[in-house]
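J.: Provided herewith is a single structure, encoded as structure tokens, for subsequent inquiry.
None of the figures in this text is laboratory data; all of them are computed from the coordinates on show. Predicted, not measured: the structure shown is a model, and the values here were computed from it. Cβ sites come from the backbone with ideal geometry, for glycine too, and all protein chains shown count toward neighbours.
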Amino acid sequence: ISIDSNTLLEKLNHYFHHSTFKSDLQKNAIITILKRQVDVFVSMPTGSGKSLCYQLPAILYSPKITIVFSPLIALMKDQVDHLMRLKIRAETINSKMTVSDRKRVLNDLYSVQVTTSLLYVTPEQAATDFFKNLLSYLVRKNKLAYIVVDEAHCVSQWGHDFRPDYLSLGSLRKLYYQIPWIALTATASADVVKDIMTTLCLKTPVSKFSTPCFRANLFYDVIFDDTIGNSYQHLKEFIDLCLCDDINCLKNEANINPSKQPCGIIYCRTRDLTEEIATVLSRRGVSVAPYHAGLKDKERLAVQEAFMSGHIQVITATVSFGMGIDKSTVRFVVHWGMPSSIPAYYQESGRAGRDGELARCRIYHSKKEKNSLDFILKSAITQAKTQDKQKKAKSSYQMFLKMIQYCESVLCRHGFFADYFGDTKPECIDKCDVCSNKEGVKLDLDVFIYGINS
Ligand code: ADP
Ligand code: MG
Ligand code: ZN
């Protein structure tokens, strides 16, 4: 289908009740997918509307069917419920469903007048004879529109979401070469993208739609803990700086919506640390509370509420914080100690400045913590009992080394991300410590590594 912009908007509105596309990227991906001439790869952050990229085309090609591979039954259920509410017929086939449900779904798929538009399937189904027969039937009858692989990074052993079942999808790709494939993911380092292309056997040249990773409103830096004297005081001053950037905010405090108050997140490795830092900071006058999985439900909800409503300005959290929580006025994200990997850091720090205004992302990097992590991660490799576990442990260690490289090199921080994600180098100019003060970073790094004041 080739469709003009206005008609496309009409369809978007009619089926999904959205009045605009979320981004040009979303729109352009949809236009390309609708042409059905190439395989398409979409990489956009969580929440940016990747599902629509295949759901709208799937509907416009109905009564043809679109098959969607998705890693979790819970995820599939969310999608199916959402589509059913929109009066779009979506079904799933998975190992947990009842015999009668399965019969109902299959009856429709094998009927002359198919009403199912989207069929969600777990990847382990792909290898079964039953599924291969279904697929071959749909292709023979010319009833298949697309094959979609959601969370496509699960094919890659580089990430922590690796799913062996995803590996068998590639053989399906080769079986029916004329059906266009669509792969979507939120986390795509250059290595993972390569894995997705080769493992899924996507037809080259693949059309790619990726959100550029550079966010010009975020200022990144690394503080070498051993070079700054009292690190808690240092942190306190940083918080003051970030939260008072817009001094007017404070003046108009009574007038403004408290949920739009500037706020910040401090990520810590352990629960104990979240408690400790919250205590220290609150003694120094910061409005702060710890947030972690160890809190009772009631306490956790209370902290969450207080943070969302602006009554608490800073939270010290373990990385589990943030699931489903989105506040646009986060003015800083501190990592008290190293994040676990570059993509994790990119994602966690990326919670800052969602409103597009200046926000700061900082790592406090300490030698002591680095050495202890090095020890822990190395021991995990030697202690791994299975090959699988050893692989995971090794990969964690590799990610840790990459993170050290980020902290301990005098390279543009944004450039480092771009390189990692396979993007072109951004024009950082002064959006990180290295670009704005290269000599200063070099000096601090020397002190950190060699312990000398040269
Ligand atoms: P992703 O898979 O990229 O994490 P989803 O596809 O789950 O994101 O979409 C996230 C949210 O964005 C959903 O609530 C969806 O309804 C909404 N959304 C998608 N496209 C649009 C749009 N064009 N306008 C408004 N909301 C949209
Ligand atoms: Mg999604
Ligand atoms: Zn830079």
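J.: Given segment 148-225, report the % of alpha carbon pairs whose separation exceeds 17 Å.
T.: Value for segment 148-225 (Cα pairs over 17 Å): 51 percent.
J.: Within a 10 angstrom radius of the beta carbon, how do F16, F332 rank from fewest other beta carbons to most?
T.: F16, F332
J.: What is segment 1-51 by shape, rounded, prolate or oblate, if you read a ≥ b ≥ c off the alpha carbon gyration tensor as root eigenvalues and call it rounded for a/c under 1.5, prolate for a/b larger than b/c, and oblate otherwise?
T.: Because a/c hits 1.5 or more and a/b fails to exceed b/c, segment 1-51 counts as oblate.
J.: Given +1 on the Cβ of Lys and Arg, -1 on the Cβ of Asp and Glu, and no further charges, what dipole in debye does the chain carry about its Cα centre, rounded to the nearest 20?
T.: That gives a dipole near 1680 debye.
J.: Kindly rank 343-354, 229-240 from highest to lowest mean number of other beta carbons found within 10 Å of each residue.
T.: Order by mean packing, descending: 343-354, 229-240.
J.: Here's something else I'd like to know. To the nearest 10 degrees, how steeply does helix 297-309 sit against the main Cα axis of the chain, on a 0 to 90 scale?
T.: Here the helix axis deviates by roughly 80 degrees.
J.: Considering only Cα-Cα distances, which of the following residue pairs are longer than 30 Å: K35/K87; K174/K402; K132/K389?
T.: The answer is K174/K402; K132/K389.
J.: Oh, and also: Please give the helix 367-383 orientation as an angle from the longest Cα principal axis of the chain, in degrees from 0 to 90, rounded to the nearest 10.
T.: Approximately 40 degrees, to the nearest 10.
J.: Given points 7 Å out from each Cα along the Cα-Cβ axis, report the D191 to I228 separation in nanometres with one decimal.
T.: It is 2.9 nm.
J.: Report, in debye and to the nearest 20, how large the dipole of segment 14-111 comes out about its Cα centre when Lys and Arg carry +1 and Asp and Glu carry -1 on their Cβ.
T.: That gives segment 14-111 a dipole magnitude of about 160 debye.
J.: Here's another thing I want to ask about it. Picking from Y420, L135, V447, whose Cα lies most toward the positive end of the charge dipole for the chain (charges on Cβ: Lys, Arg +1; Asp, Glu -1)?
T.: Of the options given, the answer is L135.
J.: Further, regarding this structure: Out of T382, N230, V40, whose Cα points farthest toward the positive end of the dipole of the chain (charges: +1 Lys, Arg; -1 Asp, Glu; placed on Cβ)?
T.: Ranked along the dipole, the leading option is V40.
J.: Counting other beta carbons within 10 Å of each residue's own, what order do V319, V148, V288 fall into, fewest first?
T.: Ascending number of Cβ neighbours within 10 Å: V319, V288, V148.
J.: Looking only at Cα atoms, what is the convex hull volume of segment 308-393 per residue, in Å³?
T.: Normalising the Cα hull of segment 308-393 by residue number yields 118 Å³.
J.: What is the diffusion coefficient of segment 300-447 in µm²/s, taking the Kirkwood radius over Cα pairs and the Stokes-Einstein relation at 4 °C with a viscosity of 1.567 mPa s?
T.: After rounding, the answer is 75 µm²/s.
J.: I've got another one for you. Write down the radius of gyration of segment 358-397 and its Dmax, each obtained from C-alpha positions, in Å.
T.: So, for segment 358-397, Rg and Dmax equal 14.2, 47 Å respectively.
J.: Quote the convex hull volume per residue of segment 376-454, based on C-alpha atoms, as a whole number of Å³.
T.: 87
J.: If each residue's Cβ is checked for other Cβ atoms within 10 Å, how do S409, S287, S95, S2 rank with the fewest at the top?
T.: If I rank by nearby Cβ atoms, fewest first, I get S2, S95, S409, S287.
J.: Here's something else I'd like to know. Please tell me which of these pairs span more than 32 angstrom C-alpha to C-alpha: K367/K392; K50/K370; K64/K203?
T.: With Cα atoms farther than 32 Å apart: K50/K370.
J.: Over all directions, how big on average is the projection of the convex hull of the alpha-carbon atoms in the chain, in square nanometres?
T.: Orientation-averaged projected area of the Cα hull: 25.2 nm².
J.: Further question on the same structure: On C-alpha positions alone, give me the angle between the axis of helix 5-16 and the longest principal axis of the chain, in degrees, nearest 10.
T.: The angle comes out near 90 degrees.
J.: List the residues, sorted by chain then number, that are 5 or more residues from F69 or on another chain and whose placed amide H is less than 5 Å from its amide H.
T.: The list, which skips near neighbours in sequence, is V121, V148, V149, D150.
J.: If you don't mind, another one. Could you give the semi-axes, largest first, of the ellipsoid that matches segment 1-112, computed as the square roots of 5 times the alpha carbon gyration tensor eigenvalues and rounded to whole Å?
T.: Semi-axes, largest first: 26, 16, 14 Å.
J.: Separate question: List the residues whose amide H sits under 5 Å from the amide H of K203, counting only those 5 or more places along or on another chain, with H placed 1.01 Å from N in the peptide plane.
T.: HN-HN under 5 Å from K203: D39.
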